[in-house]
Every structure is written in structure tokens, then in C-alpha cells.
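The values are calculated or read from the model by the stated rules, or taken from the named source; none is laboratory data. Given the structure is predicted, the values throughout are model-derived calculations rather than measurements. All Cβ positions, even for glycine, are placed from backbone atoms using ideal geometry, and neighbour counts span all protein chains on display.
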Amino acid sequence: MPFRFHPPGTRKGNKYWIIRGGIPGEREREISTGETDEGAARKFAALLEARLYEQSGAAAPGIPERGFRAVALKRMQAYPPAPQDEKDILALIEHFGDRDVASITQGDIFIAAHKILAGTSNANKNRHVVAPAGTILHFAAKEGLRDWVRYDKLEHTGPAPRAIPIPKANAFIEGTSYLRKPERRAQVRALLVLLFQHGPRISEAIALRWRDDIDMDGRRWRKTILKKRGKEKIFKWKPMTDDLYFALANLPGDRIGYVFPWRTRWGVYRALSTIQRNTGMQGVTPHVGRHTFAQTLRNLGKDRAAMKEMLDWTDEKMADRYSLVSEEEQTEILEDVGEAFRGIPLKRLKRNAG
């Protein structure tokens, strides 16, 4: 280990474990691990060491060529990962260490998933452990270090859409009246109209800038779509509903810089907490707006291609998530069936977009 460890309280009253050192050929550095537990601090140091060797391109001493760590670091050099992907790979390096890649089986990957992400959903384990582990081992197969094996994922049910009926969505938007400051009411209202009537992700919404992304004369807004692990940007102009146009027109300010004042989604969550509390809709989050928009398109009879384009999905099959009939809709259908059997003409009710 190239680092020296300094426990809490040993260096100018440090609250956390501090590590000092580096890899050969580079300057020493002193870093707070942000950890009070020694084991967690040593894990932090191990992951940092792997990252430093990966960034330098140098071979780490004593690392077996066929070991998981060496293969993972080589793949990271060949295909630089996004920050979250790098974090996932480093966690796998910590788990498998220098174990021969040819000895790692399907069961070993599942065990790693349950250990690294204990207490989380199988979907989360698949995304952050099983998939990246399979990627590393497939790379090892391409390098001739093991046989090619197809890896399964842990069984899980896909997340059910969290759409809410349009009347409930409107009630949530009107809940902005509970906000005390007029400026904040206008900002939150415009954001909610954008989320529920156009379906962007919250990160896409709060990244909008007046000069680049809003065309009030043309009544359109520009959506930035990240591709290939966030390294490629695609821009698409989208038309506005009248509600969004007027909500944006009513925003105070000089139309310079960002449209919305929040730089992270956590700031938006805090802004919505007053509405959630006063309307009793604690489960309504920004992403519920995207689900509701998709459900509304389905209820309006829009086909897969239209939904794919409006929501910028990579696969039209995403629309299948919204093809299921909700429990409320099933209840209404069965009421109609019961009336039909009793000889009562079927009701011609206009269904809401729930």
C-alpha cells in the first residue's frame, strides 16, 4: 500500500482518517478519506491506488496479469468509463482483487452483488455490479485470458410506472399556491408544467438556459440528450404547450443564465416538500411528471414511435411499460361488464388520463 495512515485526531485535530503518499513516479498527496472507520479508510485508499495507476497508465507492481484488478484497469485505460461506471468498477476491484479472471463464475458475480450492494434491489445490483462485472470478464475473453461466457442477471420485476391521473397532477401544480414567495411560486409552477406536460428528466429541465434553449417567439424549447455515457450531446427542439409558454412568460427576472434556480435535483426536492406536505402527495417527485406524461400519451392513443420521439427513449419497447391496464381502469371495465350482463347499456364515459 503506497499510503501512510493517520487516525482521527492525530493531525491538527483531523476528524477523519487521512492518507498520505502516492504511486511511484508521482508527487505525494495528502487526502482526507472522509471516513472515521479504519476499514472504510483502507478501502478508500485501495480504490484510490487503483484509480491512480489507471490514470497514469503505469503497471502496478505485483499485480498478476490474469487477475481481475489488472484486467479491469486495462479495460478502463482502453475504454475510459463515466464517473459512476468507474465507481462501480473500483468497487468490483476491491471485491475480487487479483483473483484469476478465469475462475470467476456466474455465482461469484451474484455473491459480489449481494455483498457490495446488500439491502438494495436486484435491479440496482444488476445495474451496478452484475453488468459491469460481465463487461470486465467479456473484455478478459477478448484478451484471450478466459473463455467467453454469457452472464445472466438477477431476477427482478421492472419498475411499475408511477403516473398519476391528470386531475391529481393539476392539483399538485396548483399546490404552488402554498409557497410564500411569489417568485418561487412562479419558478416551481413553470418547472412542474414542463415536467408533467413535456416529460423531461429533472437533470434536463434544470440545465435549460434562456439564451441557448428557450425560443419564446417560436414557442419551443431545446432538449439536450446525452449519449454514449454522457460524452456525446444531441440537441432537439421541442414545441411548447400553451401552459408552458405562459408559465415561462410569467417568470420574473432578466432572462439571463439558467431558466430555473436549482443546480441539483436535491434542491428541487426541497422546493417541492412544502407542496407535498400540504397536498398530502408525498410520493409525487419530479420523475413522476415524466411517467405521467408517458401515461397521458398512451391514454391518448399515441403509438410507440410517437412516444419514443416525445420522450427520447432509445427503444420503442419502453412503451410496453405503459400498456398495462391499471387496477382503477380494470375496476371501471368490470363495472361496465357487470352492467352489460344486467342488460344496462354501457356507459360512454370519457376516461381521464389516469
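Restricting to the range 272-313, name every residue that is among the small types (Gly, Ala, Ser), at pLDDT 85 or above and more than 15 Å from Lys168 (Cα to Cα).
Residues satisfying the conditions are Ser273, Ala294.
Among residues belonging to the range 267-301 that are in a helix (DSSP H, G or I) and of a type in the set (Gly, Ala, Ser), point out the one that is surrounded by the most Cβ atoms within 10 Å (Cβ to Cβ). By that ranking, first place goes to Gly289. The set of residues from the range 225-235 being surrounded by 12 or more Cβ atoms within 10 Å (Cβ to Cβ) and either touching an Asp or Glu at 6+ places or on another chain (Cβ under 6 Å) or modelled with pLDDT of 85 or more (or both) comprises just one member, Ile225. The residue list Pro7, Pro80 contains one member that is more than 24 Å from the chain's Cα centre (by Cα) and of a type outside the set (Ser, Thr, Tyr), which is Pro7. Under the condition of being under 13 Å from Gln187 (Cβ atoms) and surrounded by 12 or more Cβ atoms within 10 Å (Cβ to Cβ), which residue from the range 251-266 is farthest from the chain's Cα centre (by Cα)? Filtering the range 251-266 for residues that are under 13 Å from Gln187 (Cβ atoms) and surrounded by 12 or more Cβ atoms within 10 Å (Cβ to Cβ), the one farthest from the chain's Cα centre (by Cα) comes out as Gly253.
Regarding Val268, is this residue within 23 Å of Arg298 (Cα to Cα), among the β-branched types (Val, Ile, Thr), in the same structural domain as Glu309 (by TED's automatic domain parsing) and in contact (Cβ under 8 Å) with a residue 12 or more places away in the chain? Criteria not met by Val268. Looking across the range 12-28, the residues that are surrounded by 13 or more Cβ atoms within 10 Å (Cβ to Cβ), farther than 20 Å from Ile93 by Cα and at pLDDT 80 or above come down to Asn14, Tyr16, Trp17, Ile18, Arg20, Gly21. Against the definition (under 22 Å from Leu137 (Cα atoms) and not assigned by TED's automatic domain parsing to the domain that holds Asn124), how does Ala46 come out, yes or no? Yes; evaluated as a whole, the condition is true for this residue. Would you be able to tell me the number of residues in the range 39-93 that are β-branched (Val, Ile, Thr) and modelled with pLDDT under 85? Residues meeting the conditions: 1. Selection of the range 189-208 for residues being small (Gly, Ala, Ser), part of a helix (DSSP H, G or I) and surrounded by 21 or more Cβ atoms within 10 Å (Cβ to Cβ) yields Ala190, Ala205. Yes or no: the range 130-149 includes at least one residue that is aromatic (Phe, Trp, Tyr), in a loop (DSSP other than H, G, I, E, B) and touching a helix residue (DSSP H, G or I) at 6+ places or on another chain (Cβ under 9 Å). Yes, the conditions are met somewhere in the range 130-149. Taking the range 109-129 as the range and being without any contact (Cβ under 8 Å) to a residue 12 or more places away in the chain and in a helix (DSSP H, G or I) as the test, the residues that pass are Ile111, His114, Asn124, Arg127. The condition (being touching an Asp or Glu at 6+ places or on another chain (Cβ under 6 Å), outside any helix (DSSP H, G or I) and touching a residue at least 24 places away in the same chain (Cβ under 8 Å)) is satisfied by just one residue among Pro24, Pro81, Pro64: Pro64. From Ser103, Ser56, which residue is under 24 Å from Ile136 (Cα atoms), of a type outside the set (Lys, Arg) and touching a Gly at 6+ places or on another chain (Cβ under 8 Å)? Just one listed residue meets the conditions, Ser56.
Applying the set (1) closer than 30 Å to Arg222 by Cα; (2) touching a residue at least 12 places away in the same chain (Cβ under 8 Å) to Arg185 leaves exactly one unmet item: (2). Residues in the range 92-110 include none that are of a type in the set (A, V, I, L, M, F, W, C), farther than 21 Å from Ala50 by Cβ and surrounded by fewer than 17 Cβ atoms within 10 Å (Cβ to Cβ).
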